[in-house]
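What follows is a single structure, written as structure tokens, with notes after it.
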Amino acid sequence: MHPVHFAAWFRRFYGCSVGEYHRRRRFIEVRRRLMQPDLTLTQVAARPVFADQSHLTRTWKRLTGLTPSQYRTLSPVQDALTGRASVEHAALDAGRAQDARQNGATP
């Protein structure tokens, strides 16, 4: 299959580009690992293919508006009160907006 055809098929099937899909999956994996208090941020960054902890921190803050440490310190009670899902959706929306800017579209 030609790469252009694959990209078009992928976007129709998943509703996003291959790159955005990959970023979403990585975001979900990092979020899951951040909830494991026994892992250091360096360990969290190592597995989902971030260059280092600094790269993880910059990327996470760009997507969520919070550092990984700030996100991690939110307790489950605070998450329920502040709308944890809204934090996650805001991060995905921020990623979509960034993709649109990179592609020359307005979000």
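The values are calculated or read from the model by the stated rules, or taken from the named source; none is laboratory data. The structure presented is a predicted model; accordingly, all values stated were derived computationally and were not measured. Every residue, glycine as well, gets a Cβ built from its backbone with ideal geometry; the counts of neighbours run over all protein chains shown.
Looking only at the range 70-88, decide whether some residue is modelled with pLDDT of 85 or more, outside any helix (DSSP H, G or I) and farther than 30 Å from HIS5 by Cβ.
no
Take ARG25 and decide whether it is loosely packed, with under 14 Cβ neighbours inside 10 Å and modelled with pLDDT under 90.
yes
May I ask you to verify whether VAL44 is aliphatic (A, V, I, L, M) and surrounded by fewer than 18 Cβ atoms within 10 Å (Cβ to Cβ)?
No, not satisfied.
Output the number of the condition that ASP93 fails; it satisfies all remaining conditions of (1) modelled with pLDDT under 85; (2) outside any helix (DSSP H, G or I).
ASP93 satisfies all of (1) modelled with pLDDT under 85; (2) outside any helix (DSSP H, G or I) except (2).
What is the residue count in the range 1-44 for residues that are without any contact (Cβ under 8 Å) to a residue 12 or more places away in the chain and small (Gly, Ala, Ser)?
The qualifying residues number 3.
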